[in-house]
Amino acid sequence: MVDKTIFIFIQARVSSKRFPNKILKKIGSKIVLDLLFQRLNKIRFKKKIVFLIPKNLKNKKLKKFLLKRKLYYFEGSEKNVLNRFFLAAKFFNAKHIMRITADCPLVDFKLLNSLIKKYLTSNFDYVSNVYPKRSFPDGLDAEIFNYKSLLYAVKKAKSSYDKEHVTTYIQRVKKLKYFNLTNKIDFKKIRITLDYKKDLKNL
């Protein structure tokens, strides 16, 4: 039987220069990471949620937070996030990977269900709502890709930009098959992401 488990890899760190520890702040009564995990947990497909964090002292606080909650996590390079994803995929034997960033605590699980359904019922290598066109609010970003695409990127990507942003190289591989979910109304100028202190107030 083919394993269709979606591994939801959450890219997370507390060492952001613009807003340190932002993912451990509170929105209302809930810590950002708790809120994100609760929303992702509502996805109806078979899944495994894993936090991918940098392996360094700066993120020790984050590791303790995840251990306390008994959440899955994987440690890897802080700057080469592409390699962090690849090693995590190898460790968990992940064939189908969804990339979420921890600064998007208001992810829409219904939207994610739509993306996952499209991915699992097609032969696309990469399914997203961000490439080549964005039409959903900034903060609802999601990408799903297969292990083959990730392996190809790890072997071929050379620039620090591609290594930091994980999927930018995958997006440029012409032989891969892509699907872009778009919204009827263009909401890309709306921000519901967490980059700065003022974003936290808005959220």
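The values are calculated or read from the model by the stated rules, or taken from the named source; none is laboratory data. Everything numeric here is computed off the predicted structure, so don't read it as measured data. Note that each Cβ is placed from the backbone with ideal geometry, even for glycine, and that neighbours are counted across all protein chains shown. We work out accessible area using only protein heavy atoms, side chains counted, and drop any ligands, DNA or RNA first. Shrake-Rupley method; radii C 1.70, N 1.55, O 1.52, S 1.80 Å.
The table below gives the values:
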quantity: Odd one out for residue 72, checked against (1) open to solvent by 70 Å² or more (accessible area, probe 1.4 Å); (2) more than 16 Å from the chain's Cα centre (by Cα); (3) of a type in the set (Ser, Thr, Tyr); calculated: (2)
quantity: Residue pairs meeting the criteria (Cβ under 9 Å; at least 6 apart or on separate chains; first more than 15 Å from residue 52 (Cα to Cα) and modelled with pLDDT of 95 or more, in segment 93-107; second open to solvent by less than 10 Å² (accessible area, probe 1.4 Å) and small (Gly, Ala, Ser)); calculated: 95/89; 105/139; 106/139; 107/139; 107/142
quantity: Candidates 170, 192, 185 - the one that is closer than 24 Å to residue 37 by Cα and modelled with pLDDT of 95 or more; calculated: 192
quantity: Identity of the residue in segment 45-66, farther than 15 Å from residue 103 by Cβ and touching a Phe, Trp or Tyr at 6+ places or on another chain (Cβ under 8 Å), that ends up surrounded by the fewest Cβ atoms within 10 Å (Cβ to Cβ); calculated: 48
